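First the structure, in the form of structure tokens, and then the observations on it.
The values are calculated or read from the model by the stated rules, or taken from the named source; none is laboratory data. Here the structure is a predicted model, which is why all the values come from computation and not from measurement. Backbone-built Cβ (ideal geometry, glycine too); neighbour counts: all protein chains shown.
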Amino acid sequence: MIAERPCPGCEGREVRALFSQRFARVEGLSIHGGYEVVTCARCGACFADGLPPQRAFDAYYRDASKYEGHHPGAPIPAHDAARFEADADDFARYIPRADATIYEIGCANGGLLAALKRRGFAHVEGLDPSPLSARIAREQHDVEVATGSFFSAPGGARRFDVVVLVGVLEHLVDVTTALRSTLAALAPGGTLIVEVPDAQAFGRRPEAPFQEFSVEHVSYFTAATLDALMRAHGLSSVATFPSDRLLANGEPYGQIVGVYRAPASPRADVGELVHVDDAERALEAYVARCTAAERPILAAVERLAARSEPFLVWGTGTLTLRLLATSALGRAPIEAFVDSNPHYQGHTLDGRPILSPDAAVRSRRPIVVSTVGHAQGILDQLARLGATNPVVRLVDA
């Protein structure tokens, strides 16, 4: 099989397919309708193939970001604050001195940079595609954040002592260009700190089947494949270690932190190409587990499709989009969908409108909660809104 997308690890084109993911589209917002999860025959990197170009993703994160929080004056959620503090503690050990210049690419609202400032690192800046995130960072954290991406960053030839990428590489189609841009912003001998989801931890927490093959996550890493990628770009490894971070539902999410050193002088050569197969094995095991876990959900969908009374589906994430494209859910008498992200409200999914939570409660229609990991959060939100709608979780339908 020949890849449409060059391998992010070695830019090779020969791949083996592991899984086919499909999604229904949100009118006016969705960037694609699915992809093939593949592994590179040359280096063993695993990634999503058959995607639109990077510029489509850039526009999505600029116009429909779910990471900005949407409320400039709102407090940082407790789980996010805890993650920023934990990351800052881990990263501070590898920042060479208090006056080091630190640059975070994809910094969202600047929470991590603010946590580093509290530890005495005064020279922090960020870059994020969302203009609202840049505004929140300035107003809430007194952190300067420019608007742009790897591929549309503001001009300038500044170099930083430390560059940070947290939850970024897994979102990128053009990993090679992004890393070259990163290295261009890194001072000779500087430190690159990267945090990505750990493919070997996929499926270890309660979640919807195939949740890790989301609309946004299109590159998949283990510690070994992350190290190999950085070595191929001329970086040397300082440390690589696992790190669990808590999600909104209190569940730990397995991450990898990698710390790398740039060469002190420009190098014409790159690191040796090494084939690593642990990501491939991890994803094969994940697909097998998810296939088994999806069976009772598919049975619940069949029961929903047989209903006559219209109902609402709360959640337009990976689980809902996948089921609409691959199961009987599209035949069910769904009147509308519900999502808390205001960027989605007013659009349509599978021909049905996407409502705000307030509108859903006013409708009094039955609600099916279409998520696993965040179901309790939605139930708590319904309670705060005083909802009297009949509510059922999809997994219990």
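Being assigned by TED's automatic domain parsing to the domain that holds GLY373 and among the hydrophobic types (A, V, I, L, M, F, W, C) narrows it down to one residue among LEU304, LEU283; which is it? If you could, list the steps in order and put the result at the bottom.
Numbers: LEU283 fails: assigned by TED's automatic domain parsing to the domain that holds GLY373.
Criteria check complete, one pass: LEU304.
The residues of segment 360-379 that are in contact with a Gly (Cβ under 7 Å, 6 or more places away or on another chain) and either free of Cβ contacts under 8 Å to residues at least 24 places away in the same chain or of a type in the set (Ser, Thr, Tyr) (or both), listed by number, are SER370, THR371.
Right, LEU246: surrounded by fewer than 19 Cβ atoms within 10 Å (Cβ to Cβ) and either closer than 30 Å to ARG62 by Cβ or not hydroxyl-bearing (Ser, Thr, Tyr) (or both) or not? Answer is yes for this residue.
Looking across segment 1-37 at every residue that is farther than 21 Å from ARG180 by Cα and in contact with a Pro (Cβ under 7 Å, 6 or more places away or on another chain), the one that is surrounded by the fewest Cβ atoms within 10 Å (Cβ to Cβ) is identified as HIS32. Among the conditions (1) exposed (fewer than 15 other Cβ atoms within 10 Å of the Cβ); (2) in contact with a His (Cβ under 9 Å, 6 or more places away or on another chain); (3) not polar (S, T, N, Q), the only one that LEU385 does not satisfy is (2).
Looking at this structure, is ASP161 farther than 30 Å from GLY250 by Cα, outside any loop (DSSP other than H, G, I, E, B) and in contact with a strand residue (DSSP E or B) (Cβ under 8 Å, 6 or more places away or on another chain)?
Details: farther than 30 Å from GLY250 by Cα: yes; outside any loop (DSSP other than H, G, I, E, B): yes; in contact with a strand residue (DSSP E or B) (Cβ under 8 Å, 6 or more places away or on another chain): yes.
In short, yes.
From the list ASP161, ASP142, the lone residue that is on the phi > 0 side of the Ramachandran plot and over 14 Å from the mean Cα position of the chain (by Cα) is ASP142. Of the residues that sit in segment 219-239 and are surrounded by 23 or more Cβ atoms within 10 Å (Cβ to Cβ) and either under 15 Å from the mean Cα position of the chain (by Cα) or among the charged types (D, E, K, R) (or both), which one is nearest to CYS290 (Cα to Cα)? Looking at residues that are surrounded by 23 or more Cβ atoms within 10 Å (Cβ to Cβ) and either under 15 Å from the mean Cα position of the chain (by Cα) or among the charged types (D, E, K, R) (or both), I get TYR220. I'd like the residue in segment 92-146 that is among the basic types (Lys, Arg) and in contact with a strand residue (DSSP E or B) (Cβ under 7 Å, 6 or more places away or on another chain) and, out of all such residues, is nearest to THR191 (Cα to Cα). Ranking the qualifying residues of segment 92-146, first place goes to LYS117.
Could you run through segment 178-198 and say how many residues are outside any strand (DSSP E or B) and either farther than 14 Å from GLY234 by Cα or outside the structural domain of LEU113 (by TED's automatic domain parsing) (or both)? Give the steps one after another, and end with the answer.
Of all residues in segment 178-198, those outside any strand (DSSP E or B) come to 178-185.
Next, only the ones that are either farther than 14 Å from GLY234 by Cα or outside the structural domain of LEU113 (by TED's automatic domain parsing) (or both) stay: 178, 185.
Looking only at that region, the number is 2.
Does ALA248 satisfy the criteria of being modelled with pLDDT of 90 or more and out of contact with any Asp or Glu (no Cβ under 7 Å at 6 or more places or on another chain)? Answer is no for this residue.
Could you check segment 233-264 and list, in sequence order, the residues that are in contact with a Gly (Cβ under 9 Å, 6 or more places away or on another chain) and of a type in the set (Gly, Ala, Ser)? Of everything in segment 233-264, those that are in contact with a Gly (Cβ under 9 Å, 6 or more places away or on another chain) and of a type in the set (Gly, Ala, Ser) turn out to be GLY234, SER236, SER237, ALA239, SER243, ALA248, ALA262, ALA264.
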